[in-house]
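Chemist: Okay, here's the structure, questions in a sec.
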Amino acid sequence: MKKTLLLLTFFIGLINVNAQTLEELKETLSVQKDSLKAAQGRVDATQGKIDAFPGWKKGAFGTIGGSVSNFSNWYAQKSPNNRSGNIGFTVNAFANLNTDLYFWRNSGNLNLSWVKFNDKDNPNDNTQWREANDVFNVSSLYGMKLSETFAFSGLGEYRTTILNNFNNPGYLDVGVGATYTPIKDLVVVVHPLNYNMVFSRNDAIFQSSYGTKILIDYTRQIKEISFKTNLSLFQSYKSSNLSNWTWNNSFGYTLWEMIGVGFDFGLRNNKQEALKYSVDNYDVTGTDPVPTFDNINNKLQTYWMIGLNYKF
């Protein structure tokens, strides 16, 4: 009986020791987490001071998305035997110089994707990869500072497609005006003296003109999150038919090391492009009227893409 009591006492004491040890470990872990938070706060504060120093700041992040599929005898759909796929990527890059007297901000955006659909029951089916998204945009903004938030500036911006119809159309905006930077990483450009030069093989539709250029760009990285939003707008003095705007957005969230998930979407309104599309697809044997600026359906242009994200 005494031996049994001794064994019970020993095991109860061992359990108490283990319980105390576990509580002590939890307390130690809590202290270590607090220390890590404090250390990260000091690191972030130092990095902020480094970022505030004049000089070049460069960076890039992008999104890669893709999928493949294969169906055999899937009778519920129109093409029961098919193979399809899509692949695309987006790259956003910037190189900015900031000094006490002036700044020079350069940025670029490239969004390309391809799709493929092979109906295995149709011998005449187009099985080639075809272009889907096709966006290319570069800009350079130079400003002489009048204060911490205002500057006299000059802007050059070029937009086109590169996979198909390169520079047809292409848009080159060149102008001067003012730039407002109310907070870090936000740039608001208003250039009332701007020339929108349009390159195209159809001068009857695409015309160059003078107007006001407005550019709003916000590029930011907060720990694991990277995002960029860019609105480029041109208001023609000659005719509203020659005005246009494009709004591109990119978001990335890092999950592990430099890899994460990304989401991109864009909106555009351009009546000249809508008219060219309507003219190119006009059925001369039909009863519809010949497309003009006055009768076309200028629908909002959109795109989006989601996939893996790689932060350079």
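Chemist: Phe117 - would you say it is aromatic (Phe, Trp, Tyr), more than 19 Å from the chain's Cα centre (by Cα), assigned by TED's automatic domain parsing to the domain that holds Phe61 and more than 30 Å from Gly260 (Cα to Cα)?
Modeler: So Phe117 does not fit the description; no.
Chemist: Hey, Glu224 hits all of (1) modelled with pLDDT of 90 or more; (2) surrounded by fewer than 16 Cβ atoms within 10 Å (Cβ to Cβ) but one; which does it fall short on?
Modeler: (1)
Chemist: Now for a separate question. Looking only at residues that are without any contact (Cβ under 8 Å) to a residue 40 or more places away in the chain and among the β-branched types (Val, Ile, Thr) in the stretch 88-122, which one is surrounded by the fewest Cβ atoms within 10 Å (Cβ to Cβ)?
Modeler: Val115
Chemist: Yes or no: Lys276 in the same structural domain as Gly154 (by TED's automatic domain parsing) and either crowded, with 17+ Cβ neighbours inside 10 Å or at pLDDT below 85 (or both)?
Modeler: yes
Chemist: Could I ask something else about it? When Tyr210 is evaluated against the numbered criteria (1) under 27 Å from the mean Cα position of the chain (by Cα); (2) in contact (Cβ under 8 Å) with a residue 12 or more places away in the chain, which criterion, by number, is the only one it fails?
Modeler: (1)
Chemist: Using the structure shown, decide if Leu308 is over 24 Å from Arg105 (Cα atoms) and modelled with pLDDT under 90.
Modeler: Spelling it out, Leu308 is indeed over 24 Å from Arg105 (Cα atoms) and modelled with pLDDT under 90.
Chemist: Next up: Could you tell me whether the stretch 136-154 includes any residue that is touching a residue at least 60 places away in the same chain (Cβ under 8 Å), basic (Lys, Arg), surrounded by 15 or more Cβ atoms within 10 Å (Cβ to Cβ) and in the same structural domain as Asn230 (by TED's automatic domain parsing)?
Modeler: Taking every residue of the stretch 136-154 in turn, none turns out to be touching a residue at least 60 places away in the same chain (Cβ under 8 Å), basic (Lys, Arg), surrounded by 15 or more Cβ atoms within 10 Å (Cβ to Cβ) and in the same structural domain as Asn230 (by TED's automatic domain parsing).
Chemist: Going by the structure shown, is Asn269 farther than 30 Å from Gly41 by Cβ and over 25 Å from the mean Cα position of the chain (by Cα)?
Modeler: Judged against the criteria, Asn269 is not a match.
Chemist: Could you please let me know if Thr9 is at pLDDT 80 or above and surrounded by 10 or more Cβ atoms within 10 Å (Cβ to Cβ)?
Modeler: Considered against the rule, which asks whether it is at pLDDT 80 or above and surrounded by 10 or more Cβ atoms within 10 Å (Cβ to Cβ), Thr9 comes out as no.
Chemist: Name, by its number, the condition in (1) within 22 Å of Thr99 (Cβ to Cβ); (2) under 21 Å from the mean Cα position of the chain (by Cα); (3) among the aliphatic types (A, V, I, L, M); (4) at pLDDT 95 or above that does not hold for Ile183.
Modeler: Single failed check for Ile183: (4).
Chemist: Out of the residues in the stretch 132-165 that are in a strand (DSSP E or B) and modelled with pLDDT under 85, state the one that is nearest to Asp185 (Cα to Cα).
Modeler: Per the stated criteria, the residue is Asn133.
Chemist: Would you check which residues across the stretch 171-197 are within 17 Å of Asn270 (Cα to Cα) and either surrounded by fewer than 18 Cβ atoms within 10 Å (Cβ to Cβ) or out of contact with any strand residue (DSSP E or B) (no Cβ under 7 Å at 6 or more places or on another chain) (or both) and list them?
Modeler: Leu172, Tyr195, Met197 - these are the residues of the stretch 171-197 that are within 17 Å of Asn270 (Cα to Cα) and either surrounded by fewer than 18 Cβ atoms within 10 Å (Cβ to Cβ) or out of contact with any strand residue (DSSP E or B) (no Cβ under 7 Å at 6 or more places or on another chain) (or both).
Chemist: Somewhere in the stretch 259-281, is a residue part of a strand (DSSP E or B) and either of a type in the set (Phe, Trp, Tyr) or farther than 27 Å from Val138 by Cβ (or both)?
Modeler: The answer is yes; a qualifying residue exists.
Chemist: Given the conditions (1) touching a helix residue (DSSP H, G or I) at 6+ places or on another chain (Cβ under 8 Å); (2) at pLDDT below 90, which single one is not true for Gly211?
Modeler: The one condition Gly211 does not meet is (2).
Chemist: In the set Asn241, Asn202, which member is assigned to a loop (DSSP other than H, G, I, E, B) and among the polar types (S, T, N, Q)?
Modeler: It is Asn202.
The values are calculated or read from the model by the stated rules, or taken from the named source; none is laboratory data. Keep in mind that what you see is a predicted model, and the values were worked out from it rather than measured. Note that each Cβ is placed from the backbone with ideal geometry, even for glycine, and that neighbours are counted across all protein chains shown.
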